[in-house]
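**Student:** Here's a structure for you.
The values are calculated or read from the model by the stated rules, or taken from the named source; none is laboratory data. Everything quoted here is computed from the prediction, not taken from an experiment. Cβ placement follows ideal geometry from the backbone for every residue including glycine, while neighbour counts extend to all protein chains displayed.
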Amino acid sequence: MTGADALIADAGTPVVDSPSVALRNVTKRFDTFTAVDDLSLELGQGEFFTFLGPSGCGKTTTLRMIAGFEQPTQGEVLIEGVNVAGTAPHKRPTNTVFQSYALFPHMSVEKNVAFGLKRKKVDKDEIAERVAAELTRVGLAREANRRPSQLSGGMQQRVALARALVNLPKVLLLDEPLGALDLKLRKGLQIELKQIQREVGITFVYVTHDQEEALTMSDRIAVMNRGRVEQVATPEEVYDRPTTSFVAGFIGVSNLMPAKVSGPGRVKLDSGPEVPADTGDLAAGEGCAAVVRPEKLRVELAGDTPPTLDSPAVEGVVESSVYLGTATQLVVGVGEGVRMTVLVPNADESLRQSLPGGGARVVLSWEPQHMHVVIDKDEEGEREAVDGE
Ligand code: ATP
């Protein structure tokens, strides 16, 4: 029996304890261009897992290899413990939802959703029952007889979702499914999608370049850059504890101060003071960047008290102050082209009125636990290459 046969035979029974999806040293090359570079990952059963990264980083290619639309140049894709090499997309226990909906325009909503079950020759009554249940789940029971062109973008994407879920896939693959919708609709559907995922309990593999979307919905996020995964972690971890400067910049505002590790738990900022920071496993003398998120920074007019190890701080000059509605955003230059963004909530009007304006000399301070260091992965790679020579 081939791997593919085993998969079909076992389609209803997941291999106990195996990851939902496993990628083992997966590489994809298009001619000489490496789109995905030696990727290894395991996705848990029922996990909402997101590939996040800028355009061209390889996230769609990774999803397409799980779906079977692309074959890895090297490495293996396993779904529920079964190597799916050579298994056609429609024989895999996966379904894909695309940004473009890809609905059949000449069919009604109901027929679109029933399509896969009809092809599998499922009993008529069962099809009717399952299609009705999925349309109810996505809130479209009353639109069953309409054509896709008579629906809004958000409704069409709900049809696409129902059409995928009705096949009871083990893994649902979603490629920028909300990308064509306007912001308000997208935000509403993010919450709905997450609720549906909890309800159906299957693994969702989601691709997006929108960091907020990834943070809102995912159990874990893989942040990709140039074909490689830079960090895999929960939304809280990638935001609060990014491990590379790329991740720190891609998730949220890039608030990085160049520094050097001066000892365990201490860095010397290029702009002056030595301050406490989570230095991870970096050794003394190593170059790095120190991160503090904008909402963790306090801003005061510069006084006479010099920064100390107990209350870390740097001095700078306010370059701009912008009212954003819920918060005010200050950009503070702290020397040699380094700018730190500070977000001050606008809850207190008198505090807002007293914020320093453009040109003011200020002190930025933060709690010691809110600073940690990141490295530049590319520089690290170059360093390793040099060390290995
Ligand atoms: P986007 O959000 O823009 O789709 P992505 O992260 O999903 O970005 P991929 O679509 O995976 O990126 O593409 C990764 C890289 O591989 C890109 O540089 C792309 O041009 C290249 N690529 C993808 N498919 C092919 C192909 N069939 N032939 C040649 N190059 C390809």
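**Student:** Being part of a loop (DSSP other than H, G, I, E, B) and either of a type in the set (D, E, K, R) or without any contact (Cβ under 8 Å) to a residue 24 or more places away in the chain (or both) is the filter here, so list the residues in segment 169-196 that pass it.
**Tutor:** Within segment 169-196, 170, 176, 182 qualify.
**Student:** Additional query: Condition test on residue 303, is it of a type in the set (Gly, Ala, Ser) and within 26 Å of the chain's Cα centre (by Cα)?
**Tutor:** It is false that residue 303 is of a type in the set (Gly, Ala, Ser) and within 26 Å of the chain's Cα centre (by Cα).
**Student:** Any chance you could count how many residues in segment 268-287 are over 17 Å from residue 335 (Cα atoms) and not in a loop (DSSP other than H, G, I, E, B)?
**Tutor:** Going through segment 268-287 one residue at a time, the tally reaches 3.
**Student:** Return yes or no: is residue 186 at pLDDT 95 or above, farther than 30 Å from residue 364 by Cα, within 16 Å of the ligand (Cβ to nearest atom) and basic (Lys, Arg)?
**Tutor:** It is false that residue 186 is at pLDDT 95 or above, farther than 30 Å from residue 364 by Cα, within 16 Å of the ligand (Cβ to nearest atom) and basic (Lys, Arg).
**Student:** Just for segment 267-289: of the residues that are without any contact (Cβ under 8 Å) to a residue 24 or more places away in the chain and hydrophobic (A, V, I, L, M, F, W, C), which one is surrounded by the fewest Cβ atoms within 10 Å (Cβ to Cβ)?
**Tutor:** 283
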